[in-house]
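Heads up, the thing below is written out as structure tokens.
The values are calculated or read from the model by the stated rules, or taken from the named source; none is laboratory data. The structure displayed is predicted, hence computed values, not measured ones. As a convention, Cβ positions derive from the backbone with ideal geometry for all residues, glycine included, and neighbour counts pool all protein chains shown.
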Ligand code: SER
């Protein structure tokens, strides 16, 4: 399946279960002082969960552009170094606003992954919340019992508050969650080490793909939990990871979402992807960061000297540093990736294609200015080193 087919299958599946398919909210947030960027699919629905906004559709499904580079959810340092974290990623979600709850959410998650996408049963593990005495929260027996109908009990694992109680930030809607992990290792490796022991252990091929959150509480500023007026479902599936699993790859960057960019970078610098770990990391960083920067600019957030703009500038500069230091790009190169990116996403996010020239121009100017600073800095450093050498 191509990534486009995988995304469509998700949305069609939930449409067939009575969900209204809606668009992604912008990745840049302008009206919530607790957040700069959308870091989860649920952000745009926060007020519905809290009971402050009316429910238009009790069931919806979407793919949401998310950015996790600041605040409670920040993956920046892992990006490029590993093969499954991103700054910007798509989160596929199905939502119930006071409508269905754990039973249907679990049943449909199972049906989609196993029956529709065809992931073998024995490659899936699920986790449920074990409870937390300090918070006065109980083991999620209900979720456990629903999972038991579909999956062998020894593949249902208990998880602590860190992994199985999802919170948007320091305050706001939250609740116990049930994660689904997939084991993509070879049969040989799987015989040697039991996959259950690798869940939540940062193994690059035993990874979480989907989180089903059962929204039940509001975390108040004083730290206490207050029950929400109704119970909701918020699920988030990592689209890039799902593509890796369904395209039989062992890295998100080997899927058709990233390969066009990686191949483009590789042909420009004349270094094959796979030639060395250092150059691979740099190509991954570039192909990840260009997505984050381009989508942010398309959503109206230009790189700048403060707040959200500064976050975007820092991501861009991180990409330039990797390109310059490890792939020998001494001239601006990131902006030339924009058309490749826009083509990959044209079906789902046409805003990249319609603003392609503008996005490329902004990035080109930023790169150019930063490369000059970088070169001046390096020259000064070399001169200093020479002087120091002459003086000793
Ligand atoms: N809110 C949950 C998450 O971001 C599920 O969508 O993981």
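Only one residue in 190, 185 is without any contact (Cβ under 8 Å) to a residue 24 or more places away in the chain, away from the ligand (no atom under 16 Å from the Cβ), part of a helix (DSSP H, G or I) and in contact with a helix residue (DSSP H, G or I) (Cβ under 9 Å, 6 or more places away or on another chain). Which one?
Numbers: 185 fails: part of a helix (DSSP H, G or I).
After applying the criteria, what remains is 190.
Please identify the pairs in which a residue from region 222-234 that is without any contact (Cβ under 8 Å) to a residue 40 or more places away in the chain has its Cβ atom under 8 Å from the Cβ atom of a residue that is outside any strand (DSSP E or B) and surrounded by fewer than 17 Cβ atoms within 10 Å (Cβ to Cβ), counting only partners at least 6 apart or on another chain.
Qualifying pairs under 8 Å: 226/220.
Here's the yes/no breakdown for (1) at pLDDT below 95; (2) under 22 Å from residue 77 (Cβ atoms):
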residue	(1), (2)
320	no, yes
336	no, no
346	yes, no
362	no, no
365	no, no
370	no, yes
386	yes, no
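Do you know which of the residues in region 43-72 that are under 19 Å from the mean Cα position of the chain (by Cα) and surrounded by fewer than 16 Cβ atoms within 10 Å (Cβ to Cβ) is nearest to residue 101 (Cα to Cα)?
72
If you go through region 63-75 one residue at a time, do you hit one that is more than 14 Å from the ligand (Cβ to nearest atom) and either farther than 21 Å from residue 180 by Cα or assigned to a loop (DSSP other than H, G, I, E, B) (or both)?
Let us first name the residues in region 63-75 that are more than 14 Å from the ligand (Cβ to nearest atom), namely 69-70.
So of that shortlist, the ones also either farther than 21 Å from residue 180 by Cα or assigned to a loop (DSSP other than H, G, I, E, B) (or both) come out as 69-70.
Within region 63-75, one or more residues are more than 14 Å from the ligand (Cβ to nearest atom) and either farther than 21 Å from residue 180 by Cα or assigned to a loop (DSSP other than H, G, I, E, B) (or both).
This table checks each residue for (1) outside any loop (DSSP other than H, G, I, E, B); (2) at pLDDT below 90.
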site	(1), (2)
1	no, no
4	yes, no
13	yes, no
18	no, no
35	no, yes
44	yes, no
52	no, no
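So, in region 217-262, of the ones that are surrounded by fewer than 19 Cβ atoms within 10 Å (Cβ to Cβ) and part of a helix (DSSP H, G or I), which residue ends up nearest to the ligand (Cβ to nearest atom)?
Only one residue tops the list, namely 254.
Each row is one residue, and each column tells you yes or no for (1) in contact with a helix residue (DSSP H, G or I) (Cβ under 7 Å, 6 or more places away or on another chain); (2) part of a helix (DSSP H, G or I); (3) within 16 Å of the ligand (Cβ to nearest atom); (4) without any contact (Cβ under 8 Å) to a residue 60 or more places away in the chain.
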site: 56; (1), (2), (3), (4): no, no, no, yes
site: 80; (1), (2), (3), (4): yes, no, no, no
site: 86; (1), (2), (3), (4): yes, no, yes, no
site: 92; (1), (2), (3), (4): yes, no, yes, no
site: 95; (1), (2), (3), (4): yes, no, yes, no
site: 112; (1), (2), (3), (4): yes, yes, yes, no
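For region 184-197, indicate whether the set of residues that are under 25 Å from residue 132 (Cα atoms) and surrounded by fewer than 23 Cβ atoms within 10 Å (Cβ to Cβ) is non-empty.
In the first step, residues of region 184-197 are kept if they are under 25 Å from residue 132 (Cα atoms); the result is 196-197.
Okay, now just the ones that are also surrounded by fewer than 23 Cβ atoms within 10 Å (Cβ to Cβ), so 196-197.
Yes, there is a match, as at least one residue in region 184-197 is under 25 Å from residue 132 (Cα atoms) and surrounded by fewer than 23 Cβ atoms within 10 Å (Cβ to Cβ).
Take region 114-136 and flag every residue that is over 22 Å from residue 12 (Cα atoms), in contact (Cβ under 8 Å) with a residue 40 or more places away in the chain and crowded, with 16+ Cβ neighbours inside 10 Å.
123, 124, 125, 126, 127, 128, 129 - these are the residues of region 114-136 that are over 22 Å from residue 12 (Cα atoms), in contact (Cβ under 8 Å) with a residue 40 or more places away in the chain and crowded, with 16+ Cβ neighbours inside 10 Å.
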